[in-house]
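The values are calculated or read from the model by the stated rules, or taken from the named source; none is laboratory data. Given the structure is predicted, the values throughout are model-derived calculations rather than measurements. We place every Cβ from the backbone using ideal geometry, glycine too, and count neighbours over all the protein chains shown. SASA here: full protein model, heavy atoms, side chains in, ligands and nucleic acids out. Shrake-Rupley method; radii C 1.70, N 1.55, O 1.52, S 1.80 Å.
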Amino acid sequence: MTTPDFSRLYAQLDLRPDCSLEEFKRAYRKRVAELHPDRRGNVVPTDDDGQLGLPELTSLYGLAMQFRKQHGRLPGGPAMTTVRSRPASGHPGSTSLQAPRSRNDGFANVSRRSWLVLLVLMAIAAYLIFSAPTASALRP
């Protein structure tokens, strides 16, 4: 499997790798509109200028979006974002590097300790429910 050449994609879209997602999508849509056969008429593009054709462009765009989904950034973009926060040390002006958060974290933020506490509480509740004497067992 060959590594995709995203530099050709950025050159085709006339963008830098550190562009925003909105800029990236806007430039892609504009370029697709220029290359699409329905909008181009009978003019056939030439490969002499090194430009990507529509199939190559859409393929690279798909790979770039897949990369973004996996890594939280566009290929060639900055790997980490600087976030101003109050770290555990208590210095309010400190910065820390954090990876961009995904919207689909689900239960990833629930700690193991929380799950363990929940499991213990459920075990205690089950013990109390099933070991309690019944009314018929209390009669003489």
Residues of the range 6-39 satisfying the condition of being within 15 Å of PRO55 (Cβ to Cβ) and touching a residue at least 24 places away in the same chain (Cβ under 8 Å): ARG8, LEU9, GLN12, TYR28, ARG31, VAL32
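So for the range 128-138 (the condition being modelled with pLDDT under 80, out of contact with any Ser or Thr (no Cβ under 9 Å at 6 or more places or on another chain), closer than 30 Å to ARG8 by Cα and of a type outside the set (Val, Ile, Thr)), does at least one residue qualify?
Kept after step one, since they are modelled with pLDDT under 80, are these residues of the range 128-138: 132-138.
Applying the additional criterion that residues be out of contact with any Ser or Thr (no Cβ under 9 Å at 6 or more places or on another chain) yields 132-138.
Now narrow it down to the ones that are closer than 30 Å to ARG8 by Cα: none.
No, the range 128-138 contains no residue that is modelled with pLDDT under 80, out of contact with any Ser or Thr (no Cβ under 9 Å at 6 or more places or on another chain), closer than 30 Å to ARG8 by Cα and of a type outside the set (Val, Ile, Thr).
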Given (1) modelled with pLDDT of 90 or more; (2) under 30 Å from TYR10 (Cβ atoms); (3) of a type in the set (A, V, I, L, M, F, W, C), index of the condition ALA123 fails: (2)
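Checking the condition under 29 Å from the mean Cα position of the chain (by Cα), modelled with pLDDT of 90 or more, in a helix (DSSP H, G or I) and not charged (D, E, K, R), which residue from ALA108, ALA64 passes? Working first, answer last.
Working: ALA108 fails: modelled with pLDDT of 90 or more.
Just a single option satisfies the conditions, and that option is ALA64.
Each row is one residue, and each column tells you yes or no for (1) open to solvent by 70 Å² or more (accessible area, probe 1.4 Å); (2) modelled with pLDDT of 90 or more; (3) at negative phi; (4) in a helix (DSSP H, G or I).
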position: THR3; (1), (2), (3), (4): yes, no, yes, no
position: ARG39; (1), (2), (3), (4): yes, no, yes, yes
position: ASP47; (1), (2), (3), (4): yes, no, yes, no
position: SER59; (1), (2), (3), (4): no, yes, yes, yes
position: ARG68; (1), (2), (3), (4): yes, yes, yes, yes
position: ALA79; (1), (2), (3), (4): no, no, yes, no
position: ARG101; (1), (2), (3), (4): yes, no, yes, no
